[in-house]
Structure formats: C-alpha cells, structure tokens
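For reference, the structure discussed in these notes is given below.
What follows is calculated from the coordinates using simple rules that are stated; it is not laboratory data. Please read all numbers here as calculations on a predicted model, not as lab measurements. Cβ sites come from the backbone with ideal geometry, for glycine too, and all protein chains shown count toward neighbours.
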Amino acid sequence: MLDPTVRSSRYAALVPLLLAVVLVTAACGCSSDIQPEPDVVAKDCAGADRTAPAPEVGPADSVAEDLRTADIAPPPEEIAADVPVVPQPAAPKKYSGGACPTLVGGKNTLKMGGLMRSVELFLPPHPAPGASVVFVWHGNGDTPKNIAMFFGADTLTKENNLIMVSPYSCCDENHTDCCDMTTTWNFGKYSKNDKDLAVFDDVLSCLEQQGDIDNTRVYTIGFSAGALWSTYLVLHRAEYLAAAGVFSGGTGMVIPYSKPGYPVPALLAWGGTKDTYMNMIMFDTMMNEFSDKLAADGHFVIECNHGLGHTVPYGVTPWLSKFLLAHAWKDGSSPFAQTGLGDDFPDYCLIP
C-alpha cells in the first residue's frame with residue numbers, strides 16, 4: 001500500500017537546491033533482466049492474439065566555510081547567481097475527483113474526468129520514496145493485466161523502485177459516452193480525449209500525493225491502439241514525460257502531429273510495411289513520419305523496425321526498460337547519443 005503521509009518529493013527537492021552552494025550530491029539508476037509469465041502475449045489492434053513468444057522478461061562531500069571570516073553577507077542576487085537552474089517537470093495537475101482514495105497494488109477504481117475509471121497498479125514489494133512511474137496502455141481487445149505482464153511488470157517492480165500503471169479503457173468499463181471500439185483510447189480528431197487524459201493526469205496526481213514518486217521519472221509505453229495513445233501523450237503531455245516507448249503507433253492518418261512542448265526521448269518500434277490494421281492504418285508510414293518530425297523538433301529518437309508485422313518482437317522488455325530508465329526529465333538529452341546503443345539492443349535498432 002502506498003503511504004499517504006509521505007511528503008511529495010517535489011517539495012523535498014527544494015532543500016538540496018537551496019543548499020547547492022554548500023552541498024554537492026550525485027545519484028544514479030539501473031535496470032535488470034526481465035522474465036514474464038510464458039503464457040502472456042500482446043494483442044493487436046483487431047484484438048487477435050499474436051503467437052510470437054513472450055519476451056524473456058519479459059555520500060555527498062560537504063564544503064566547509066568559516067562564517068566568522070565573512071564581514072558582510074553577499075546580496076541575495078549574488079547567491080542566486082551561483083545556484084544552477086535545474087529544469088523540473090510540470091507539477092501534476094490537481095486531482096479532479098476531490099480527495100484521492102488510498103491506492104493499493106491491484107485494481108483501483110476512482111473518479112477521473114467525471115467517470116468512475118479503473119487502473120491496475122503493480123507496486124514494488126517495499127515502495128520507497130522516489131519511485132519511477134511507467135504508464136502502459138493496451139491495444140484493441142487486450143487487457144490491462146495482460147499488457148503489463150507482457151512488458152515485465154512483476155520483475156520490473158521487484159527489481160526496481162518502480163510503479164507500473166495499466167489503465168482500463170472506456171470500452172473496458174462500458175462507458176458509452178467515451179468508448180470507441182475502433183480506437184480504444186480517444187485521441188486525435190476525436191472530441192472526447194479529455195476523458196482519457198484525465199486518467200493520466202489524475203493517477204499521476206494521486207501517486208504524487210501518496211507515493212512520493214520521482215516526478216522526473218515518468219514514462220509511457222503502449223502497443224497498437226495503446227501506442228497511438230502514447231503518441232498522443234508525447235504530443236500533449238511532454239511536460240511530464242522523461243521518455244516514451246511506442247510500439248506501432250505514430251502520427252499522420254489518425255493523429256495529426258503537433259510540436260510537443262518539451263523534448264521527449266522516444267524509442268519507436270514497428271514491423272515494417274506489413275505492420276497494418278485491416279489494411280487501412282499503415283503503421284510503417286505513421287512511425288516514419290513520427291520519427292522524422294520528432295527528430296526535426298530536437299527529440300532524441302531510436303528506430304527499431306523489426307519487420308515482423310503488427311506485433312511486439314521477442315525479448316523486447318530488457319532493452320525497452322534499459323532505454324526508459326536511462327532517462328530522467330531534463331533537457332531531452334540521452335546518454336545513448338554519446339555511447340551508442342551497444343549490444344543491449346537488437347541489430348534492427350538504430351539512431352537515425
């Protein structure tokens with residue numbers, strides 16, 4: 001259970017900022033291999049099971065100063081000039097449902113965007129302040145539990161201080177006022193996308209209140225319809241996202257591209273020219289457009305064209321998690337721009 005008494009890390013972060021003249025700190029993160037349950041599969045936009053195998057997932061130095069030697073304290077503006085300006089993500093929006101309920105591992109139902117909506121939460125065994133948050137969005141005909149397990153929810157949460165959030169769509173919960181059986185999530189030209197944006201905004205708000213999450217480590221991933229929704233979040237919620245993993249989504253035919261407010265490192269994966277939905281939505285075209293426009297707007301992009309059609313390739317989660325957890329919200333830069341991808345990524349992934 002998340003502890004609602006823990007103070008937000010966003011406020012705690014002000015202390016080291018104000019003491020930056022006398023204190024230097026450092027931090028780092030890591031990820032690990034993933035092993036999901038073998039019967040877990042991802043489903044495509046049409047809702048059909050894919051038979052591709054499940055992934056194998058799956059002290060700071062202080063600076064002393066003798067204040068007795070200082071006759072006159074420096075003006076405040078001189079002190080401020082010495083303090084580095086550290087970029088921070090936007091503060092989560094206020095929860096739209098009033099008072100946040102206590103969030104627990106498993107299914108949680110709360111009022112979001114005026115509707116009772118549910119999410120599956122996968123928590124670390126011992127949640128600690130500063131947890132990363134990964135939103136994962138399912139495709140047509142799939143379920144929140146299945147897509148989360150496919151992307152290694154159990155192992156990722158056990159081996160990292162990480163919370164995985166897998167929401168239910170309007171269609172999953174028979175909300176006829178915002179269910180679209182074709183798209184699952186409401187995006188692009190559809191007028192009811194605020195209903196699903198509220199899920200992202202409200203869950204993030206309640207996690208920030210109760211879990212003392214690391215707001216610089218919020219990520220989104222998805223496949224098919226869920227990847228289209230992750231695409232939409234990159235375009236319209238970049239002020240919160242440290243990185244994104246988009247598997248067969250993109251812009252163009254369904255979602256018009258608009259410049260994100262902040263640069264978001266993005267891993268874009270798709271299955272070549274055979275990656276289509278009912279021969280109407282051409283993910284190859286959409287992902288190439290999305291990649292080109294993100295790169296033109298200064299985003300770091302990795303392209304992974306696996307050529308297997310409309311599916312998620314075998315063994316995706318170890319290198320996906322490595323990509324995500326290597327990034328924290330700041331200026332959109334990526335360590336992979338300097339180091340390259342190395343052997344942790346498959347041969348079909350490249351930096352364009």
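Mind listing the long-range amide H neighbours of Ile163? Cut-off is under 5 Å, sequence gap 5 or more, other chains count too, H placed in the peptide plane at 1.01 Å from N.
Close amide H contacts, sequence-distant or interchain: Ser132, Val133, Val134.
What does the highest-first list of 308-317, 124-133 look like by mean Cβ count within 10 Å?
Descending mean neighbour count gives 308-317, 124-133.
What does the extension gain come out to for Met280 and Ala128, with contour length at 0.36 nm per residue minus their alpha carbon separation? All intermediate terms of the calculation are to be shown ahead of the outcome.
Numbers: separation 152, 0.36 × 152 = 54.72 nm, distance 4.56 nm.
Fully extending the segment from Met280 to Ala128 adds 50.2 nm.
Could you compute the FRET efficiency for Gln88 and Asp194, with r as their C-beta to C-beta distance and R0 at 22 Å, rounded to 0.05?
On the way: r = 25 Å, r/R0 = 1.14.
Here the calculated transfer efficiency is 0.30.
Going by amide H atoms built from the backbone, whose H comes under 5 Å of the H on Gly222, apart from near neighbours?
Trp137, Gly245, Phe247
Can you compute the FRET efficiency between Thr109 and Gln338 using 1/(1 + (r/R0)^6), with r the Cβ-Cβ distance and R0 = 56 Å? Round to the nearest 0.05.
Details: r = 44 Å, r/R0 = 0.79.
With a Förster radius of 56 Å, E is 0.80.
Calculate one ³J(HN,Hα) per residue across segment 212-219 by plugging θ = phi - 60° into the Karplus curve 6.51 cos²θ - 1.76 cosθ + 1.60, and present them in order as whole Hz with x for glycine and proline.
Taking θ as phi minus 60°, the curve returns 6, 6, 8, 5, 8, 10, 10, 10 Hz for segment 212-219.
Determine, from the Cβ-Cβ distance of Ile351 and His236 and an R0 of 41 Å, the FRET efficiency 1/(1 + (r/R0)^6), rounded to the nearest 0.05. Walk me through the numbers on the way to the answer.
Working: r = 25 Å, r/R0 = 0.62.
The computed FRET efficiency comes out at 0.95.
Please go through segment 170-253 and write out the GluC sites (Glu not before Pro) that DSSP classes as loop and that have at most 12 other C-beta atoms within 10 Å.
On the way: sites: Glu173, Glu208, Glu239; in loops: Glu239.
Filter output for segment 170-253: empty list.
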